[in-house]
Amino acid sequence: MSKSTTSTSAAPASPTARYRPETRLVHSGTIRSEFGETSEALFLTQGYVYDSAEQCEARFKGEDPGYIYSRYSNPTIAMFERRMIELEGAEAGRSTATGMAAVTTAILAPLKAGDHVVAAKAMFGSCRYVVEDLLPRYGIQSTLVDGLDLDQWQRAMRPNTKSLFLESPTNPTLDVLDIGAIAEIAHRGGARLIVDNVFATPIWQSPLELGADVVVYSATKHIDGQGRCLGGMILSSEAFIAEHIHTFMRQTGPSISPFNAWVLLKGLETLAVRVRAQTETAAIIAEVLAQHPKISRLIYPGRADHPQAALVKKQMRAGSTLVGFEVKGGKAAAFRTLNALKLARISNNLGDAKSLVTHPATTTHQRLAPEARAELGISEGFIRYSAGLEHADDLIEDLQAALEKA
């Protein structure tokens, strides 16, 4: 195994970095042992041995390249991190045990008591918990804004504002926020912008190119995409990762397991193929549901009637694998629809090869007060549909039959 990797960074840059995303998803970051394996090797080891006490000392000082302990450096993990770095066009990155570990670390690690965070109200319930409930416990103030209103972002800025956080498209209502404009607001105020890019995936949106400073992923979603394991990723500049993320992770341990990193490496090989197919299916489903008499609201970022259609066209390369729709008749009608589905399965996950449906008001966003959900457009009849890899016609027939029960 090559020893060119240090304990503070992923595998060295690949000669494949110049290729297009589909090629990088298959080849970037690969390092082979002396056995010349085709598939990336899985190193299920906790620690490493050294040729001498002197080498061990140099390794811990960062003077000798190599691995020290798998909590913060491992050959398999390094390959996953390098592949994600080159896919995203980042300088550096660190993987985590879960998507929420990535979000929490990216937000919390650079901050101290007295700092201030501004975040969009429309976000995953656990992310909102971190911003709204967890940060204040450590003396870090937070302000929630309507992410679509640039004036609210600007008015929320304070001299002590250090980070802005958003999702785009948002979970679950698929609003699209202006990443470039919000990044400018952050930078004018001396703050950084952190973007959760899960719903867009790195295939359809590149926040760093749009001006964001940090990108986070729940790799559990599209990157694995087959319901097998958990994982997360933080991508940013070399300076941000080295100054804020590496030491925090090394000392606190929200680290991914080598096995999960290996599974995610294999998931990356098919990411572009899966996301393209799922996006095509989601668009077809959205077109059919938009005409359905039992649907009162349909949201899909690839449609001309999306509220931010012009921004979608400017900011994203395609729509999404997700569709949001509201069933007439509220919670009871939504539940009847969900229970009647035969192919799409009820789950709080997304981005899977299997189509999954979620009722956000009673699951991912149930901790919010009813008025807060209403403000975000999460009605009792709202359903989030994650298109899988099944044939679009089968999924449509399944949905149409289920809606007859609504």
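Structure values in brief
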read-out: Residue within the stretch 126-135 that is part of a strand (DSSP E or B), modelled with pLDDT of 95 or more and crowded, with 23+ Cβ neighbours inside 10 Å present; value: no
read-out: Counted residues, the stretch 63-96 - those being within 13 Å of the chain's Cα centre (by Cα) and surrounded by fewer than 24 Cβ atoms within 10 Å (Cβ to Cβ); value: 1
read-out: Conditions (1) of a type in the set (D, E, K, R); (2) surrounded by fewer than 22 Cβ atoms within 10 Å (Cβ to Cβ); (3) within 27 Å of I299 (Cα to Cα); number of the one not met by E167; value: (2)
read-out: Number of positions in the stretch 315-338 that are outside any helix (DSSP H, G or I) and among the hydrophobic types (A, V, I, L, M, F, W, C); value: 6
read-out: Condition met for A372 (in a helix (DSSP H, G or I), more than 26 Å from I223 (Cβ to Cβ) and open to solvent by less than 30 Å² (accessible area, probe 1.4 Å)); value: yes
read-out: Filter result (open to solvent by 10 Å² or more (accessible area, probe 1.4 Å) and within 18 Å of A290 (Cβ to Cβ)) within the stretch 377-391; value: G377, S379
read-out: Within the stretch 137-161, tally of residues that are over 24 Å from the mean Cα position of the chain (by Cα), farther than 28 Å from L311 by Cα and not polar (S, T, N, Q); value: 4
read-out: Subset of the stretch 13-57 (residues that are assigned to a helix (DSSP H, G or I) and either open to solvent by less than 40 Å² (accessible area, probe 1.4 Å) or without any contact (Cβ under 8 Å) to a residue 12 or more places away in the chain (or both)); value: P15, T16, R18, T23, R24, L25, A53, E54, Q55, C56, E57
read-out: The lone exception for R155 - which of (1) surrounded by 19 or more Cβ atoms within 10 Å (Cβ to Cβ); (2) part of a helix (DSSP H, G or I) it fails; value: (1)
read-out: Unmet requirement for R94, which otherwise passes all of (1) over 21 Å from I223 (Cα atoms); (2) touching a residue at least 24 places away in the same chain (Cβ under 8 Å); value: (1)
read-out: Out of K328, K313, sole residue that is touching a Ser or Thr at 6+ places or on another chain (Cβ under 8 Å) and either within 27 Å of E88 (Cβ to Cβ) or open to solvent by 10 Å² or more (accessible area, probe 1.4 Å) (or both); value: K328
read-out: Matching residues, the stretch 337-350, being within 24 Å of G125 (Cα to Cα) and either surrounded by fewer than 18 Cβ atoms within 10 Å (Cβ to Cβ) or not β-branched (V, I, T) (or both); value: L338, N339, A344, R345, I346, S347, N348, N349, L350
read-out: Any chance V118 is open to solvent by less than 20 Å² (accessible area, probe 1.4 Å), over 20 Å from the mean Cα position of the chain (by Cα) and at pLDDT 95 or above; value: no
read-out: Candidate set: the stretch 177-212, residues that are under 19 Å from A239 (Cα atoms) and part of a strand (DSSP E or B); chosen: the one most open to solvent (accessible area, probe 1.4 Å); value: R192
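Yes/no matrix, rows are residues, columns are (1) open to solvent by 10 Å² or more (accessible area, probe 1.4 Å); (2) out of contact with any helix residue (DSSP H, G or I) (no Cβ under 9 Å at 6 or more places or on another chain); (3) farther than 18 Å from E86 by Cα; (4) modelled with pLDDT of 95 or more:
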| position | (1), (2), (3), (4) |
| --- | --- |
| M233 | no, no, no, yes |
| E238 | yes, yes, no, yes |
| H244 | yes, no, yes, yes |
| R250 | yes, yes, yes, no |
| P258 | yes, no, yes, yes |
| A261 | no, no, no, yes |
| L264 | no, no, no, yes |
| L268 | no, no, no, yes |
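The values are calculated or read from the model by the stated rules, or taken from the named source; none is laboratory data. Owing to the predicted nature of the structure, the values given are computational and were not obtained by experimental measurement. Please note: Cβ atoms are built from the backbone with ideal geometry, for glycine as well, and neighbour counts cover all protein chains shown. With ligands, DNA and RNA removed, areas are computed over all heavy atoms of the protein, side chains included. Shrake-Rupley method; radii C 1.70, N 1.55, O 1.52, S 1.80 Å.
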